[in-house]
1. What pairs in A:19/A:105; A:16/B:3; A:16/A:129 have C-alpha atoms more than 26 Å from each other?
2. Under 8 Å for C-alpha pairs, at least 6 residues apart: give me the relative contact order for the range A:1-120, rounded to a whole percent.
3. Work out how much length residue A:4 to residue A:18 would gain on full extension: take 0.36 nm times their residue separation and subtract the Cα-Cα distance, in nm to one decimal.
4. Quick check: pseudo-label points 7 Å beyond the Cα along Cα→Cβ at residue A:82 and residue A:96, how many nm apart are they?
5. What would the Debye equation give as log₁₀ I(q)/I(0) for the range A:35-136 at q = 0.12 Å⁻¹, counting only Cα atoms as equal point scatterers?
6. Relative to the present Cα-Cα distance, how much length would full extension add between residue A:45 and residue A:25 at 0.36 nm per residue of separation?
7. Top mean-square fluctuation among A:52, A:79, A:102, Gaussian network model of chain A, C-alpha springs under 10 Å?
8. How high is the relative contact order of the range A:36-107? Use alpha-carbon pairs under 8 Å, at least six apart in sequence, and give a whole percent.
Amino acid sequence: GPIILQTYRVIADYNKGSKYQLNLKEGEQVDIVEKSTNGWWFCQCESRRGWVPASYLEPLEGPDETEEQEPNYAGELFVTTKAYTAEQDDELTLQEGETIEVIHKLLEGWWVIRKGEQTGHYPSMFLRKSGEIRAA
Amino acid sequence: SMKEPPSNPPPRPPAELRRKRQ
């Protein structure tokens, strides 16, 4: 089908972490052709193609226009597929194979999760829905 | 490859933006 381009504005400079990513300059506009739920979006500009972090982009139409889901305080059961050690004080440290509840699926790919009494951010790419068989 | 997103978590939003959201 046709590729729908959506234009976003870069909110801060970003230096790419691999050859398949792009450097970003604050204020420039980028066209996005694919949005991965893990927070990496694919940018296709005139001469540049590569992955960029959604967390460094805002919609051109203004912050009112959002595709983000509302938080679900009841929580949705997920299992961690990889351990992660918190680097910021609003993140959680977990081991592989822990069951947690997802409260808010943020487009930036860092979801708000709950584990017992604790709430914090965790990379969505290290989570899979509880009860689903992991792809081989 | 170019077709697959990076396998490491993306960066958190810039600190100024995180503060603004709270």
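Each reported figure results from applying straightforward, stated rules to the coordinates on display, with no laboratory input. What you see is a predicted model; the values in this text were computed from it and never measured. Here Cβ is always computed from backbone atoms with ideal geometry, including for glycine, and neighbour counts include all displayed protein chains.
1. Values: A:19/A:105 28 Å; A:16/B:3 16 Å; A:16/A:129 30 Å.
Violating the 26 Å Cα-Cα cut-off are A:19/A:105; A:16/A:129.
2. Numbers: 233 pairs, mean separation 23.9, N = 120.
Taking the mean separation of contacting Cα pairs over the length of the range A:1-120, I get 20 percent.
3. Numbers: separation 14, 0.36 × 14 = 5.04 nm, distance 2.56 nm.
Extending this stretch completely gives an extra 2.5 nm.
4. For residue A:82 paired with residue A:96, the spin-label model returns 1.0 nm.
5. Taken in order of the listed q values, log10 I(q)/I(0) reads -0.45.
6. On the way: separation 20, 0.36 × 20 = 7.20 nm, distance 1.35 nm.
The span from residue A:45 to residue A:25 would gain 5.9 nm if fully extended.
7. Evaluated over chain A, the most mobile residue of the options is A:79.
8. Values: 87 pairs, mean separation 21.0, N = 72.
So the answer I get is 29 percent.
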